[in-house]
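Structure first, then comments.
The values are calculated or read from the model by the stated rules, or taken from the named source; none is laboratory data. Everything quoted here is computed from the prediction, not taken from an experiment. Cβ: placed from backbone, ideal geometry, glycine included. Neighbour counts: every protein chain shown.
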Amino acid sequence: MNAVTPFKRPLTVLLAKPRGFCAGVVRAVEIVERAIAQAGAPVYVRHEIVHNTHVVEGLRAQGAVFVGEVDQIPAGATTIFSAHGVSRGVEAAAAARGLDVIDATCPLVQKVHNQGRRYAQLGYDVVLIGHEGHAEVEGTRGQIDGRLHVVATAAEVASLVVADPEKVAYISQTTLSVQDTREVIAALTARFPAIVGPDIRNICYATQNRQAAVQAMAPHCDLILVVGSRSSSNTTRLREVGEIAGVASHLIEGPDAIDPAWFEAVETVGLTAGAWTGSWIMRMSSGSVCAARARRSPARPGPPSRCRPRRSPSGPCVRRSVPRPGRPTGGRRRFRFPPSSPRRR
């Protein structure tokens, strides 16, 4: 009888498609970089330009200074509003200090602001579906005059008090879970049958596509890793989508956060990233997944694998992308923002 040669079972890494940076993030980061190049350091940014520690630290090294409020910025200095948007009160405070403001608010967030203002001008109570305290929600609240209510869950709808149940409208934060938002909309419609709103169209296309990619990938995975910042709403929602699908899911800020203990009896790992996460962090994390699995997995007897894995320095690993849900895989589409952005105030 032939002796059986021990081998380490290859790990398959599925890369969600799409994943990582969205057009709005690329735009916001480029605005900061160009402002530094043109105006010289320091350039001040109110709040993190995007919710990603690696991106923020990289911009800080180039000369960006991140502050909590505009009163921390020297009068007349070049100032950038983050992609999440700001309230009119912040805009007024910046104007009072004579700041040279560049508005990096994502155009999709601006669309929500405009929609909410139109509803308010027509006399509607406006319900903002979102997370209280999130930078985008605070900015949207401060852009809309009139009666505005913030709800995060379907259960909170029952406690809403409006002036006229026949004149209620809703808008939403752009980075929410599609499934959670639909549940809130269903609760609002049940309580206020005449309510008007955009359905889930306020949720940005990048957020929706990335969540759909995780849903498509989940049935093929034993474990899902989401690369991104814990302060990022869209990244947190990706982890939740994986958990709802019944797959163990973890949010990691980078390769150092990977725990080899997660890979016990795992054959297929799904890897994705939030819209705030750069491709270089994804590449580092993908390599670290293979390394962590190689350290954790015991040698197992059995026949050699028929697959032809790419080998990383730490062991065998197969990487392949999951096709983008609902789209052909042969082409690549680019999203271009209108020529008017970014706006300088």
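Within the group Asp164, Asp199, which residue is under 20 Å from the mean Cα position of the chain (by Cα), surrounded by fewer than 19 Cβ atoms within 10 Å (Cβ to Cβ) and not basic (Lys, Arg)?
Only one candidate qualifies: Asp199.
Report the residue count in region 228-252 for those that are in contact (Cβ under 8 Å) with a residue 40 or more places away in the chain and under 16 Å from Thr175 (Cβ atoms).
Counting residues in region 228-252 that are in contact (Cβ under 8 Å) with a residue 40 or more places away in the chain and under 16 Å from Thr175 (Cβ atoms) gives 10.
With the condition kept exactly as written, say whether any residue in region 123-130 is buried (at least 18 other Cβ atoms within 10 Å of the Cβ), touching a residue at least 60 places away in the same chain (Cβ under 8 Å) and part of a helix (DSSP H, G or I).
No: zero hits.
The conditions are (1) at positive phi; (2) at pLDDT 95 or above, and His47 fails exactly one of them. Which is it?
So His47 meets the others, but not (2).
Answer yes or no: is there a residue in region 197-212 that is in a helix (DSSP H, G or I), hydroxyl-bearing (Ser, Thr, Tyr) and free of Cβ contacts under 8 Å to residues at least 24 places away in the same chain. Even if it seems obvious, please write down each step before you answer.
Applying the first criterion (in a helix (DSSP H, G or I)) to region 197-212 yields 205-212.
Pick out the ones that are also hydroxyl-bearing (Ser, Thr, Tyr) and you get 205, 207.
From what is left, the residues that are free of Cβ contacts under 8 Å to residues at least 24 places away in the same chain are none.
No, every residue in region 197-212 fails to be in a helix (DSSP H, G or I), hydroxyl-bearing (Ser, Thr, Tyr) and free of Cβ contacts under 8 Å to residues at least 24 places away in the same chain.
I'd like the residue in region 223-247 that is in contact with a Gly (Cβ under 9 Å, 6 or more places away or on another chain) and in a loop (DSSP other than H, G, I, E, B) and, out of all such residues, is surrounded by the most Cβ atoms within 10 Å (Cβ to Cβ).
Gly228
What single numbered condition from (1) under 25 Å from the mean Cα position of the chain (by Cα); (2) in a helix (DSSP H, G or I) fails to hold for Ala158?
(1)
Name the pairs whose Cβ atoms lie under 7 Å apart, with the first residue in region 9-30 and of a type in the set (Ser, Thr, Tyr), the second modelled with pLDDT of 80 or more, and 6 or more positions between them or separate chains?
Correct list of pairs: Thr12/Glu267; Thr12/Thr268.
Criterion first (over 26 Å from Arg27 (Cα atoms) and surrounded by fewer than 19 Cβ atoms within 10 Å (Cβ to Cβ)) does Arg118 satisfy it?
Values: over 26 Å from Arg27 (Cα atoms): yes; surrounded by fewer than 19 Cβ atoms within 10 Å (Cβ to Cβ): yes.
So Arg118 fits the description; yes.
Which condition number in (1) surrounded by fewer than 18 Cβ atoms within 10 Å (Cβ to Cβ); (2) modelled with pLDDT under 55; (3) within 17 Å of Leu15 (Cβ to Cβ); (4) in contact with a helix residue (DSSP H, G or I) (Cβ under 8 Å, 6 or more places away or on another chain) is the one that Cys307 fails?
(4)
So, of the residues in region 95-120 that are touching an Asp or Glu at 6+ places or on another chain (Cβ under 8 Å) and not charged (D, E, K, R), which turns out to be nearest to Ile73 (Cα to Cα)?
My answer is Val101.
Among what's in region 48-80 and is buried (at least 16 other Cβ atoms within 10 Å of the Cβ) and over 24 Å from the mean Cα position of the chain (by Cα), pick the residue that is nearest to Gly254 (Cα to Cα).
So the residue we want is Gly63.
Has region 137-149 got any residue that is among the acidic types (Asp, Glu), modelled with pLDDT of 95 or more and closer than 29 Å to Val26 by Cβ?
Checked region 137-149: at least one residue is among the acidic types (Asp, Glu), modelled with pLDDT of 95 or more and closer than 29 Å to Val26 by Cβ.
Considering each of Val50, Val101 in turn, give the residue that is over 22 Å from Ser229 (Cα atoms), of a type in the set (A, V, I, L, M) and touching a residue at least 12 places away in the same chain (Cβ under 8 Å). Break it down into steps so the answer makes sense when it comes.
Working: Val50 fails: over 22 Å from Ser229 (Cα atoms).
Being over 22 Å from Ser229 (Cα atoms), of a type in the set (A, V, I, L, M) and touching a residue at least 12 places away in the same chain (Cβ under 8 Å) holds for just one of Val50, Val101, which is Val101.
Return the total of residues in region 172-187 being of a type in the set (Val, Ile, Thr) and in a loop (DSSP other than H, G, I, E, B).
Residues meeting the conditions: 2.
Just the residues that are touching a Ser or Thr at 6+ places or on another chain (Cβ under 8 Å) and not hydroxyl-bearing (Ser, Thr, Tyr), please, taken from region 198-217. Let's see the steps before the verdict.
Of all residues in region 198-217, those touching a Ser or Thr at 6+ places or on another chain (Cβ under 8 Å) come to 198, 200, 202-204, 207, 210-211, 213-214, 217.
Within region 198-217, Pro198, Ile200, Asn202, Ile203, Cys204, Arg210, Gln211, Ala213, Val214, Met217 qualify.
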